[in-house]
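Have a look at the structure below before the remarks.
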Amino acid sequence: MIARSLLLGFTALVLATPVRAETLGFDYLALVMQHLYRWHLDETVLIQVDPTGTLTIHHRDTTPELDDTDRSSYRELLIPSIRYRVLLKKADYDVPELGITITNKEYRIIKAERVDDWPGDLSGFEQVDLDAKAMMDYLFSVRNQRTYPDEALIERMRRALREHLTGPSSPPVQGPQTVYIAPLSRVSNNLWVYWENAGRLIRYSSDTDLDTEAFWAYEKLGVRVYDLSTDVVISFAEAAGSNAFVTRDWAARALFNCVVFGQRLIITPGEPVAVPAGETTP
Amino acid sequence: MPITHPRLFMLLAFTASTALARLPDPTTPAGYVAHLLVNEVPFPGERGYRSEQDTAAAMEQLLHVLDRRLERIPTPYTQQQIAATRANDILDIITVGGEKGQFDGFYRDAQGRPAMVPRVTERIDNLNRIASQGKPGTFARLLTHAGDLATAYLAEQQRPSDRHAAVSKAERQPATGGGYSWMTDEVRYHPGGNFLRIEDTDAGSLGGNRFFTLRKAPR
């Protein structure tokens with residue numbers, strides 16, 4: 001509740017208004033920061049923010065050349081005080097082969113990265129100046145906030161996971177399987193799951209929003225599985241040139257978000273769907 | 001009406017399967033290369049998809065990486081340093097290191113045959129299925145492009161134009177030019193060693209992948 005009131009009150013804390021403020025609302029920028037806080041930032045990053053100063057965010061349209069019928073738009077967002085660059089996409093295009101339209105209600109994060117090379121000229125960007133202390137207070141207040149999929153989405157997840165657990169990519173399984181679904185991000189279309197029995201992280205991702213029919217048309221395409229017993233290294237330098245690994249730091253963060261913040265489900269492959277009361281409490 | 005004539009049934013089955021198969025047979029070298037090209041790029045609706053042109057360009061640059069690791073090793077590097085093997089067969093370049101080798105999910109099985117993990121074949125089967133629905137569109141064209149690229153390369157040594165050939169600087173350091181590696185386009189993914197990230201302005205980001213060239217003077 002506190003977090004929500006902080007978020008809703010955020011608009012009042014803005015010091016300067018960009019020309020096209022309606023394109024990226026201030027509440028939206030707070031959600032982006034919350035996503036970065038949970039999935040990207042570490043202890044070395046936020047320490048750089050002067051809590052008595054201004055948190056400036058620059059953004060501009062970066063829509064590339066698209067397919068003829070593609071109405072999507074892209075934006076680049078720069079946050080100099082934490083040296084982060086975020087790329088956003090608001091998808092809007094048809095997939096005639098499947099008879100669906102890929103859409104996003106708002107811009108979704110398609111990439112977030114810390115950058116060393118910073119553009120010297122930011123004149124092509126719109127600028128939003130936020131109160132840094134208010135943002136830090138907001139991030140602190142929502143650090144444990146968990147937004148879980150609704151019942152319909154959970155049901156679809158159960159079906160998808162049951163199918164995945166017994167699919168050709170999975171090891172043989174017997175009996176009930178424990179999985180943890182990480183909290184949803186309102187600005188990302190990635191859904192992370194930790195399959196405890198197999199020690200695997202599973203990422204469902206798509207260009208379209210998770211709660212749309214279109215997402216489930218792609219559910220089998222957008223799955224990436226990381227076997228934590230074989231796919232983790234401290235540094236990519238250990239296997240230079242290989243694209244098979246993830247770093248331990250990254251895996252640890254994903255595990256934290258799934259196990260500590262996640263929603264626990266018990267799935268028994270081959271059995272009809274049933275949701276025992278209380279089972280989904282974290 | 002049920003099909004009772006076995007030869008007619010076989011003919012129909014063959015027709016159906018060729019309509020579905022827009023990629024060469026994966027047991028052939030061209031088919032295996034084409035499957036790798038498809039596996040590494042996004043199709044419409046998938047994370048990282050930008051446009052048909054972008055995905056097609058990514059496939060072309062992926063092929064260049066394979067070709068450079070096979071035949072265009074810049075001085076003073078050795079093939080072993082860049083490709084983690086010494087080989088004169090593109091299939092060895094792809095499968096080196098086994099299932100968790102240089103190209104995740106592509107390896108040689110116990111009999112030494114090029115193989116793919118099930119998730120690769122599952123995805124490509126799905127892409128083929130989607131491509132076969134309705135009028136041929138982006139999915140079909142991209143699958144065909146992968147097959148054409150691999151076939152032309154293996155049959156006639158035809159290489160598409162190389163967007164990375166002229167790269168002379170990357171990560172503010174002199175570079176050899178040409179792509180020698182790729183990874184998912186996120187900063188946390190870097191191949192390490194002497195690889196340098198090719199910048200966006202040099203078409204370093206294509207099809208959800210980041211391409212890497214080499215430091216001109218190895219460390």
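The values are calculated or read from the model by the stated rules, or taken from the named source; none is laboratory data. This one's a predicted model, so the numbers in the text were calculated from it and none came from an experiment. Neighbour counts are summed over all protein chains in view; Cβ atoms, including those assigned to glycine, are modelled from backbone coordinates with ideal geometry. Accessible surface is based on the protein model in full, side chains and every heavy atom, while ligands, DNA and RNA are left aside. Shrake-Rupley method; radii C 1.70, N 1.55, O 1.52, S 1.80 Å.
Tabulate in residue order the Karplus-calculated ³J(HN,Hα) for region A:25-36, using 6.51 cos²θ - 1.76 cosθ + 1.60 with θ = phi - 60°, rounded to whole Hz; enter x for Gly and Pro.
Each residue's phi maps through the Karplus curve to give x, 6, 4, 4, 4, 5, 5, 4, 4, 5, 5, 4 Hz.
At each listed q (0.09, 0.14, 0.18 Å⁻¹), what is the log10 of I(q)/I(0) that the Debye formula gives for region A:55-197 modelled as equal alpha-carbon point scatterers?
-0.45, -0.95, -1.19
When all protein chains stay in place, what accessible area (Å², nearest 10, 1.4 Å probe) is found for A:Val142?
Solvent-accessible area, nearest 10 Å²: 0 Å².
Projected area of the protein assembly as shown, taken from the Cα convex hull and averaged over every viewing direction, in nm²?
26.9
Search the structure for amide H atoms under 5 Å from the amide H of A:Lys111, placed 1.01 Å from N in the peptide plane, and list their residues when 5 or more places away or on another chain.
A:Leu87
Rolling a 1.4 angstrom probe over the protein heavy atoms, how many square angstrom per residue are accessible across the protein assembly as shown?
For the protein assembly as shown, the solvent-accessible area averages 45 Å² per residue.
Hey, what's the Cα Rg ratio for region A:60-114 versus the globular rule of thumb, 2.2 N^0.38 Å?
With N residues counted in region A:60-114, Rg over 2.2 N^0.38 Å equals 1.31.
Taking each residue of B:192-198 in turn, how many C-beta atoms of other protein chains fall within 10 Å of its C-beta, and what is the average?
Counting other chains' Cβ atoms within 10 Å and averaging over B:192-198 gives 3.
Can you give the average number of partner chain beta-carbon atoms within 10 Å of each beta-carbon in peptide A:190-198, as a whole number?
0
So between A:Ser229 and A:Arg143, what do we pick up on full extension, going 0.36 nm a residue minus the alpha carbon distance?
Length gained, A:Ser229 through A:Arg143: 28.1 nm.
I need the calculated FRET efficiency for the pair B:Thr201 and A:Phe256, taking r as the beta carbon distance and R₀ as 45 Å, to the nearest 0.05.
Efficiency, rounded to the nearest 0.05: 0.80.
Whole-Å semi-axes of region B:53-133's equivalent ellipsoid, largest first, each the root of 5 times a Cα gyration tensor eigenvalue?
26, 18, 9
Which value, in square angstrom to the nearest 100, describes the accessible area buried between chains A and B on both sides, using a 1.4 angstrom probe?
3700
With a 1.4 Å probe and all protein chains left in place, how much of the accessible area of chain A comes from carbon and sulfur atoms, in whole percent?
Ligands and nucleic acids excluded, carbon and sulfur reach 52 percent.
³J(HN,Hα) across region B:47-55 via Karplus (A = 6.51, B = -1.76, C = 1.60, θ = phi - 60°), whole Hz, x for Gly/Pro?
Per residue, the Karplus-derived 3J(HN,Hα) values read 3, x, 6, 10, 6, 4, 4, 5, 5 Hz.
Note down the relative contact order for chain A as a percent, whole number, built from C-alpha pairs under 8 angstrom at least six residues apart.
17
Mind giving me the nanometre distance, one decimal, between the label points for A:Arg159 and A:Asp117, set 7 Å out from Cα along Cα→Cβ?
That separation, rounded to one decimal, is 4.7 nm.
Using alpha carbons only, how many angstrom separate the centre of region A:57-134 from the centre of region B:41-80?
Centre-to-centre distance over Cα atoms comes out at 24 Å.
If you average the sequence gap of Cα pairs under 8 Å that are 6 or more apart and divide by the length of region A:100-217, what percent do you get for the contact order?
30
Under the definition of partner shielding as Cβ atoms of other protein chains within 10 Å of a residue Cβ, what is the mean value for peptide A:232-239?
Per residue, the average neighbour count from other chains is 3.
Evaluated at 37 °C with a viscosity of 0.692 mPa s, what Stokes-Einstein diffusion coefficient in µm²/s does region B:20-161 have when Rh comes from the Kirkwood expression over alpha-carbon pairs?
For the chosen part, D equals 211 µm²/s.
Would you mind giving the three semi-axes, in whole Å and largest first, of the ellipsoid equivalent to chain A according to its Cα gyration tensor?
Taking √(5λ) for each Cα gyration eigenvalue gives 33, 22, 20 Å.
Give me the percent of the accessible area of chain B that comes from carbon and sulfur atoms, probe 1.4 Å, all protein chains in place.
So the carbon and sulfur contribution to the accessible surface is 55 percent.
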